[in-house]
Amino acid sequence: MTGTVPLGGPTLAQERKLVTSIPGPKSQEWLERKASAVAGGVGITLPVFGVAAGGGVILDVDGNSLIDLGSGIAVTGVGNSAPRVVEAVQNQVAQFTHTCFMVTPYDSYVRVAEKLNELTPGSHSKRSVLFNSGAEAVENAIKIARSHTKKTAVVAFDHAYHGRTNLTMALTAKNMPYKSGFGPFASEVYRAPLSYPFRDGNLSGAEAAKNAISVIEKQVGAENLAAIIIEPIQGEGGFIVPADGFLPALVEWATANNVVFIADEVQTGFARTGKMFASEHFGIEPDLIVTAKGIAGGLPLSAVTGRTEIMDAPHGGGLGGTYGGNPLACAAALAAIETYEDEKLDERAHQIGETLKARFTQLQQSDARIGDVRGLGGMIAVEFVKAGGIEPDAALTGAIAKYCHERGVVVLTCGTYGNVIRFLPPLSIGDALLNEGIDIVVEALAAQS
């Protein structure tokens, strides 16, 4: 792809260009320094060190330009170094970097809350509170639900990912690398079966919901249950899209039983799925919705937004945090949301999804190792299996990812079984660059024959 994108000064060519092997010599030097300075538990996906990014590319320290199909795990939906975000942060940093909203508040926090109340699903009265990370927001959503219902139990679902803190590890389903050796975990957390059409025999949404509700009623009891928390489309679990009717049935049951329904839209939020929030695809209005990742163009910010009567349940001073709603992050969020809206990035996400689905669905017809192609908008996954069945093939998936990385394409794996490649390109990526990235993935699969 030709062209450039502004980076608040210099411009970055929108092209894949390798001038060294991956990793190059300078990245290798930094990898050695990382090994001697950074805790070993911090892993990396691609062994390169970035120096610039924008549009659909990442430039590394050796001068290699890589196609970005990951967006820093769905964070830079508006593109890295998006011009409006850069300008907003530069202006804010010149004014002040911190006062703590709980000490001397500032208007940008309030404006972000107003915008979230406006944009999230549902016409009911809402309130918002801001935090730093998705995991922190999830924990506070649970706090709020418990305060409102005066109940303690929480139900999460198979294949869920909700974070790396103690409570969110308990909510998360996958053992490695997230939970192993880190227990004991928070109590009063239970798990219910998900609607996973590719692996549950294509149960209808109603049937899958009936199974989940049966487990909840028998093993937990509605009288003990404060909240159900679920990703409308699972992220780390493998971009699992539930069958139609599954989520509405859960919402209906929760409402009837004084259970707070929490939608974790950390990965699905902000135009990623072709709508501003994935809940809109399923016609549900969550009691609480958790957002982060794409909210602020790369700056750390998260939020819980929900029904006023639920959000206002905790006592004064019960919610907050020193850095929650940092003014730099709030400025970035307002600029990022403006970009999503003005540039119609929900429509762009839909176009990206159509391109990805068409290519891999067509390939699936001739390659039985592609078990499933799924997702919505710019959140598409390909699940790889042993040909002739549904047995997960993590080795094939890893080999494809390695091939792509060596050739300058950033792809991410996921899934409980490690057999899914997820596509999360920046919504600012151009068609030519997107198609070139897909070509390399297709080439990688063919190379494993």
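The values are calculated or read from the model by the stated rules, or taken from the named source; none is laboratory data. In this text, all values refer to a predicted model and were calculated from it rather than measured experimentally. Cβ placement follows ideal geometry from the backbone for every residue including glycine, while neighbour counts extend to all protein chains displayed.
Residues of segment 21-43 that are part of a loop (DSSP other than H, G, I, E, B) and without any contact (Cβ under 8 Å) to a residue 40 or more places away in the chain: 23, 38, 39, 40, 41, 42. Scanning segment 142-187 for residues that are within 23 Å of residue 254 (Cβ to Cβ) and aromatic (Phe, Trp, Tyr) turns up 157, 161. If you go through segment 420-440 and keep only what is without any contact (Cβ under 8 Å) to a residue 60 or more places away in the chain and crowded, with 20+ Cβ neighbours inside 10 Å, you end up with just 421.
Report whether or not residue 232 is surrounded by 21 or more Cβ atoms within 10 Å (Cβ to Cβ), assigned to a loop (DSSP other than H, G, I, E, B), touching a strand residue (DSSP E or B) at 6+ places or on another chain (Cβ under 7 Å) and not small (Gly, Ala, Ser).
Spelling it out, residue 232 is indeed surrounded by 21 or more Cβ atoms within 10 Å (Cβ to Cβ), assigned to a loop (DSSP other than H, G, I, E, B), touching a strand residue (DSSP E or B) at 6+ places or on another chain (Cβ under 7 Å) and not small (Gly, Ala, Ser).
Going by the conditions given, is residue 270 aromatic (Phe, Trp, Tyr), within 20 Å of residue 136 (Cβ to Cβ) and modelled with pLDDT of 95 or more? Against the criterion (aromatic (Phe, Trp, Tyr), within 20 Å of residue 136 (Cβ to Cβ) and modelled with pLDDT of 95 or more), residue 270 qualifies.
Within segment 374-404, the residues that satisfy the criterion of being in contact with a Phe, Trp or Tyr (Cβ under 7 Å, 6 or more places away or on another chain) and assigned to a helix (DSSP H, G or I) are 394, 396, 397.
Scanning segment 275-292 for residues that are surrounded by fewer than 24 Cβ atoms within 10 Å (Cβ to Cβ) and either small (Gly, Ala, Ser) or outside the structural domain of residue 251 (by TED's automatic domain parsing) (or both) returns a single hit, 283. Taking the conditions (1) more than 30 Å from residue 371 (Cα to Cα); (2) assigned to a loop (DSSP other than H, G, I, E, B); (3) touching a helix residue (DSSP H, G or I) at 6+ places or on another chain (Cβ under 9 Å) in turn, residue 316 satisfies each one other than (3).
Looking only at residues of segment 161-179 that are in contact with a strand residue (DSSP E or B) (Cβ under 7 Å, 6 or more places away or on another chain) and of a type in the set (Gly, Ala, Ser), we find that the one that is nearest to residue 224 (Cα to Cα) is 170.
One residue alone among 76, 99 is in contact with a strand residue (DSSP E or B) (Cβ under 9 Å, 6 or more places away or on another chain) and at negative phi, and that residue is 76. Collect the residues in segment 111-130 that are of a type in the set (Ser, Thr, Tyr), more than 21 Å from residue 322 (Cβ to Cβ) and crowded, with 18+ Cβ neighbours inside 10 Å, keeping them in residue-number order. Hit for segment 111-130 is 120, nothing else.
Within segment 83-112, residues that are acidic (Asp, Glu) sit with their Cβ atoms under 8 Å from residues that are part of a helix (DSSP H, G or I), at 6+ positions apart or across chains, in these pairs: 87/335.
Just wondering, is there one or more residues in segment 364-371 that are in a strand (DSSP E or B), in contact with a strand residue (DSSP E or B) (Cβ under 7 Å, 6 or more places away or on another chain) and on the phi > 0 side of the Ramachandran plot? Don't jump to the end; show me each part of the working.
Looking only at segment 364-371, we keep the residues that are in a strand (DSSP E or B), and these are 370-371.
Pick out the ones that are also in contact with a strand residue (DSSP E or B) (Cβ under 7 Å, 6 or more places away or on another chain) and you get 370-371.
Those left that are additionally on the phi > 0 side of the Ramachandran plot: none.
No, because not a single residue in segment 364-371 is in a strand (DSSP E or B), in contact with a strand residue (DSSP E or B) (Cβ under 7 Å, 6 or more places away or on another chain) and on the phi > 0 side of the Ramachandran plot.
In segment 347-363, is there at least one residue being among the acidic types (Asp, Glu) and in a helix (DSSP H, G or I)? Yes; the residues of segment 347-363 include at least one that is among the acidic types (Asp, Glu) and in a helix (DSSP H, G or I). Which of the residues spanning segment 69-85 are closer than 17 Å to residue 345 by Cβ and either part of a helix (DSSP H, G or I) or of a type in the set (Phe, Trp, Tyr) (or both)? Within segment 69-85, 71, 72, 74, 83, 84, 85 meet the criteria.
Have a look at 66, 46, 59, 12 and point out the one that is assigned to a loop (DSSP other than H, G, I, E, B), closer than 25 Å to residue 441 by Cβ and either within 27 Å of the chain's Cα centre (by Cα) or of a type in the set (Gly, Ala, Ser) (or both). First the steps, then the outcome.
Numbers: 66 fails: assigned to a loop (DSSP other than H, G, I, E, B); 59 fails: assigned to a loop (DSSP other than H, G, I, E, B); 12 fails: assigned to a loop (DSSP other than H, G, I, E, B).
Testing whether each residue is assigned to a loop (DSSP other than H, G, I, E, B), closer than 25 Å to residue 441 by Cβ and either within 27 Å of the chain's Cα centre (by Cα) or of a type in the set (Gly, Ala, Ser) (or both) leaves just 46.
For segment 354-363, the tally of residues that are of a type in the set (Gly, Ala, Ser) and either within 19 Å of residue 391 (Cα to Cα) or in contact with a strand residue (DSSP E or B) (Cβ under 6 Å, 6 or more places away or on another chain) (or both) stands at 0.
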